[in-house]
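Chemist: Right, I'll just put the structure down here and ask away after.
The values are calculated or read from the model by the stated rules, or taken from the named source; none is laboratory data. Since the structure is predicted, the reported quantities are computational estimates derived from the model, not experimental observations. Cβ atoms come from the backbone with ideal geometry, glycine included; neighbour counts cover every protein chain shown. Only protein heavy atoms, including side chains, enter the accessible area calculation; ligands, DNA and RNA are left aside. Shrake-Rupley method; radii C 1.70, N 1.55, O 1.52, S 1.80 Å.
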Amino acid sequence: YYMNHKTQNIKKNRGHASCFMLHERGAALLATTLAVIIILLAMGLSMTSSGLFESFMSQAQSDSREAFATAQSGIKDAYLRIARNKNFSSAGYFIPSDPSNCTLNSSLLCTKVIVEKGAASACSQAIGAGQDCIISAGTFRNTTRTIEVILNVDATNGKISEVSWKEI
């Protein structure tokens, strides 16, 4: 009787144990599934933020190149003005001519050009007699790039030669 009763209890408990084991497996599966979903979500967010960062960096580099090219065009414009008139100087002119377009956050390209003769107040280095200092600041969106060029201008033959060129 004792043996038979014990066997019956084990058979009864097996039903409870297998039900309990199924619940444990379900809980483990749920926890594993949630962990995998969280990991995949973190990877997705990481890739998205990385892509956005790369996009912003690419846009900033593009804007910087545009601003630099605009500053270079201002230098070329000043060269032409000096070639036409050896005495040309300007406290500042804009390309295009409307200075209200030449602000940060503007989607328009613009340049402010300063040409000084003989004495430099805006120029970062001293210039002598027969020298011109050209400062050109190109602006596009949130980026401004500035170039400074020192020229020798021969008053007798009109020859223009570049002494220095640098980005400031």
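Chemist: Can Ala78 be described as over 27 Å from the mean Cα position of the chain (by Cα), at pLDDT 95 or above and either farther than 30 Å from Ser58 by Cβ or assigned to a loop (DSSP other than H, G, I, E, B) (or both)?
Modeler: Spelling it out, Ala78 is indeed over 27 Å from the mean Cα position of the chain (by Cα), at pLDDT 95 or above and either farther than 30 Å from Ser58 by Cβ or assigned to a loop (DSSP other than H, G, I, E, B) (or both).
Chemist: All but one of (1) at negative phi; (2) at pLDDT below 90; (3) not acidic (Asp, Glu) hold for Ile114, so report the exception by its number.
Modeler: Failing condition for Ile114: (2).
Chemist: With respect to Ser107, determine if the residue is among the polar types (S, T, N, Q) and surrounded by 10 or more Cβ atoms within 10 Å (Cβ to Cβ).
Modeler: no
Chemist: Let me ask you something else. Evaluate the stretch 98-109: report whether one residue or more is at pLDDT 85 or above and of a type in the set (S, T, N, Q). Working first, answer last.
Modeler: Step one: list which residues in the stretch 98-109 are at pLDDT 85 or above, which gives 109.
Checking the rest, the ones that are also of a type in the set (S, T, N, Q) come to none.
No, every residue in the stretch 98-109 fails to be at pLDDT 85 or above and of a type in the set (S, T, N, Q).
Chemist: Let me ask something else. Residues in the stretch 121-130: is at least one at pLDDT 90 or above and β-branched (Val, Ile, Thr)?
Modeler: Pass one, the stretch 121-130, residues at pLDDT 90 or above: none.
Scanning the stretch 121-130 turns up no residue that is at pLDDT 90 or above and β-branched (Val, Ile, Thr).
Chemist: Gly92 fails exactly one of the following numbered conditions: (1) assigned to a strand (DSSP E or B); (2) over 15 Å from Lys117 (Cα atoms). What is the number of that condition?
Modeler: Every condition holds for Gly92 apart from (2).
Chemist: Would you pick out the residues in the stretch 35-81 that are under 28 Å from Cys110 (Cβ atoms) and of a type in the set (Phe, Trp, Tyr)?
Modeler: Phe56, Phe68, Tyr79
Chemist: May I pose another question? How about the stretch 117-165: which of its residues are of a type outside the set (Val, Ile, Thr), in a strand (DSSP E or B) and open to solvent by less than 20 Å² (accessible area, probe 1.4 Å)?
Modeler: Across the stretch 117-165, the qualifying residues are Asp132, Cys133, Ser136, Gly138, Glu148, Leu151.
Chemist: On to the next question. Would you please name the residue that is nearest to Ile168 (Cα to Cα), looking only at residues in the stretch 27-70 that are of a type in the set (A, V, I, L, M, F, W, C) and within 18 Å of the chain's Cα centre (by Cα)? It would help to see each step written out before you state the result.
Modeler: Taking the stretch 27-70 first, the residues of a type in the set (A, V, I, L, M, F, W, C) are 27-31, 34-43, 45, 47, 52-53, 56-57, 60, 67-69.
Of the ones still in play, those that are also within 18 Å of the chain's Cα centre (by Cα) are 52-53, 56-57, 60, 67-69.
Numbers: Leu52: 30, Phe53: 27, Phe56: 24, Met57: 22, Ala60: 18, Ala67: 13, Phe68: 11, Ala69: 14 Å.
Applying the filter and picking the extreme gives Phe68.
Chemist: Of the conditions (1) more than 26 Å from Asp132 (Cα to Cα); (2) free of Cβ contacts under 8 Å to residues at least 40 places away in the same chain; (3) of a type in the set (D, E, K, R), Asp63 satisfies every one except a single condition; which number is it?
Modeler: Of everything listed in (1) more than 26 Å from Asp132 (Cα to Cα); (2) free of Cβ contacts under 8 Å to residues at least 40 places away in the same chain; (3) of a type in the set (D, E, K, R), Asp63 misses just condition (2).
Chemist: What's the number of the condition Asn87 fails, among (1) assigned to a helix (DSSP H, G or I); (2) open to solvent by 30 Å² or more (accessible area, probe 1.4 Å)?
Modeler: (1)
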